[in-house]
Amino acid sequence: MRLLVTGGAGFIGANFVHRTIADHPESTITVLDSLTYAGDRTSLDPVADRIDFVHGDIADLDLVDELVSGVDAVVHFAAESHNDNSLNDPWPFVQTNIVGTFSLLQAVRRYDVRYHHISTDEVYGDLSLTDPERFHEQTPYNPSSPYSATKASSDMLVRAWTRSFGVRATISNCSNNYGPYQHVEKFIPRQITNLIDGIRPRLYGEGRNVRDWIHVDDHNTAVWAILERGRIGQTYLIGADGELDNRTVVGLLLEEFGRPADDFDFVTDRAGHDLRYAIDSTLLRTELGWTPQYGDFRSGLAATVQWYRDNESWWRPRKAATEQMYVSQGEKRL
Ligand code: NAD
Ligand code: TDX
């Protein structure tokens with residue numbers, strides 16, 4: 001399969017490219033990435049001779065048209081992805097997540113190219129801590145942040161292009177990913193790199209918010225299952241039954257670093273902070289036979305800690321600017 005992978009220099013996209021080369025060596029890969037602050041071309045260094053890298057914007061209609069005309073499928077990861085940034089400056093989220101998706105949809109429509117759209121469980125809003133229900137394919141959309149609203153908008157464009165123009169698309173909505181190559185602005189890498197630097201981890205609010213963690217490799221094997229066997233027009237939720245509150249995650253990290261259990265700070269909460277996400281991935285498991293391989297979060301987390309210890313040259317250049325960004329967004333110890 002000739003693949004166009006958008007956002008391949010970002011966290012999940014880079015891991016997807018690595019997995020694809022290992023598991024599907026017959027594929028050819030073109031990566032389209034505009035290398036925003038979140039993109040890092042060095043994440044693709046180990047596979048540089050196996051891919052074509054195009055430095056460009058998914059909202060560039062002419063460039064996208066040309067690239068899509070030469071492939072069998074598009075896997076669309078590129079996005080502005082950080083909730084905190086979307087509260088500070090929503091415009092790039094509208095431009096990339098909505099207009100960028102529009103640009104890709106017009107091209108796949110024109111050349112009848114298979115399209116897989118990467119989305120998030122955040123489009124469904126949040127659950128109470130005690131709700132027995134989890135998100136499933138029929139859960140109504142109810143996004144909370146500018147980030148999740150633009151992702152929800154892009155999902156709606158995909159649904160409309162599928163129904164009205166016959167675009168051969170699938171959508172996946174995944175829960176929170178962890179693993180190598182994740183930007184240090186995100187919760188787990190931020191705390192790991194803080195601990196490496198001797199800084200106390202930072203928990204928003206009271207640390208009670210729950211996320212449903214999945215290893216990035218499990219996300220990407222699910223994407224491949226959908227690409228190969230998914231029903232056109234179908235949405236699949238991806239999750240690995242990994243619900244944990246943020247305080248528990250910080251507790252596991254403190255243990256991993258041999259630090260006392262109370263060695264963290266509570267800081268200013270995120271505006272509109274979603275309380276809990278939880279995914280029911282029954283459809284994906286029963287229809288496509290997918291199962292996650294990283295059952296044990298504690299050992300997946302330990303391997304991720306080791307990756308950040310071993311790859312300081314990858315994350316170090318962005319650490320100080322990221323912490324400065326949090327200060328300028330008004331983060332304070334409570
Ligand atoms: P990321 O921020 O690490 O990477 C995004 C990549 O997209 C970067 O390489 C960036 O340079 C590129 N990009 C941004 N704007 C672009 C543009 N206009 N043109 C071309 N490239 C552009 O994000 P991520 O965490 O890897 O997320 C990837 C996708 O997965 C996103 O669509 C996100 O919504 C979705 N998702 C993420 C998670 C998660 O936990 N990280 C969970 C569910 C879904
Ligand atoms: O320093 C922190 N302290 C803290 O308590 C940071 C950065 C975050 N948090 C909390 C906020 C969330 O409850 O940790 C949780 C996870 O935060 P993020 O890593 O920012 O992820 P989240 O907002 O849950 O969104 C992530 O999962 C869904 C991705 O960033 C999105 O791209 C994806 O769609």
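The values are calculated or read from the model by the stated rules, or taken from the named source; none is laboratory data. Everything numeric in this text was worked out from a predicted model, so none of it was measured. We place every Cβ from the backbone using ideal geometry, glycine too, and count neighbours over all the protein chains shown.
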Restricting to strands (runs of 3 or more DSSP E) lying wholly in region 179-294: which have 3 or more residues that are within 24 Å of THR139 (Cα to Cα)? 210-212, 235-238, 243-245
Could you grab the pairs with beta carbons closer than 9 Å, sequence gap of 6+ or different chains, first residue in region 68-80 and under 21 Å from ILE232 (Cβ atoms), second one surrounded by fewer than 19 Cβ atoms within 10 Å (Cβ to Cβ) and among the aromatic types (Phe, Trp, Tyr)? VAL68/TYR111; SER69/TYR111; VAL71/TYR111
Here are GLY198, GLY166, GLY207, GLY179: which of them is away from ligand 2 (no atom under 11 Å from the Cβ) and within 22 Å of TYR277 (Cα to Cα)? GLY179
So which pairs qualify, if the first residue must be in region 177-191 and within 15 Å of ARG309 (Cβ to Cβ) and among the acidic types (Asp, Glu), the second must be near ligand 2 (Cβ under 7 Å from one of its atoms) and in a loop (DSSP other than H, G, I, E, B), the Cβ gap must be under 9 Å, and the two must be at least 6 apart or on different chains? none
Any pair with Cβ under 8 angstrom, 6 or more apart, that starts in region 154-168 at a residue that is more than 12 Å from ASN97 (Cα to Cα) and polar (S, T, N, Q) and ends at one that is loosely packed, with under 14 Cβ neighbours inside 10 Å and modelled with pLDDT of 95 or more: THR162/ILE232
Using the structure shown, decide if THR36 is surrounded by fewer than 23 Cβ atoms within 10 Å (Cβ to Cβ) and more than 8 Å from ligand 1 (Cβ to nearest atom). no
In region 211-234, which residue that is among the β-branched types (Val, Ile, Thr) and surrounded by fewer than 21 Cβ atoms within 10 Å (Cβ to Cβ) is nearest to the chain's Cα centre (by Cα)? THR221
Filter pass, VAL108 being surrounded by 23 or more Cβ atoms within 10 Å (Cβ to Cβ), within 18 Å of VAL64 (Cβ to Cβ) and not acidic (Asp, Glu): yes
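Is it the case that some residue within region 65-80 is more than 25 Å from ARG2 (Cβ to Cβ) and either within 14 Å of ligand 1 (Cβ to nearest atom) or part of a helix (DSSP H, G or I) (or both)?
yes
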If the Cβ limit is 8 Å and pairs must be 6+ apart or interchain, which residue in region 54-65 that is farther than 14 Å from VAL99 by Cα and in contact (Cβ under 8 Å) with a residue 24 or more places away in the chain pairs with which residue that is among the polar types (S, T, N, Q) and not in a helix (DSSP H, G or I)? VAL54/THR30; GLY56/SER34
Search region 193-207 for residues that are among the aromatic types (Phe, Trp, Tyr) and pair each with any residue that is more than 16 Å from ligand 1 (Cβ to nearest atom) when their beta-carbon atoms are under 7 Å apart and the residues are at least 6 apart or on different chains. TYR204/VAL267; TYR204/ASP269
Residues in region 241-261: is at least one within 30 Å of VAL74 (Cα to Cα) and out of contact with any Lys or Arg (no Cβ under 6 Å at 6 or more places or on another chain)? yes
So which residues in region 16-42 are part of a strand (DSSP E or B) and either within 16 Å of ligand 2 (Cβ to nearest atom) or among the acidic types (Asp, Glu) (or both)? ASP33
Residue that is farthest from ligand 2 (Cβ to nearest atom) [pool: residues in region 240-295 that are under 26 Å from GLU206 (Cα atoms), surrounded by fewer than 17 Cβ atoms within 10 Å (Cβ to Cβ) and without any contact (Cβ under 8 Å) to a residue 24 or more places away in the chain]: GLY258
Here are some residues: THR96, THR42. Which one is buried (at least 16 other Cβ atoms within 10 Å of the Cβ) and modelled with pLDDT of 95 or more? THR96
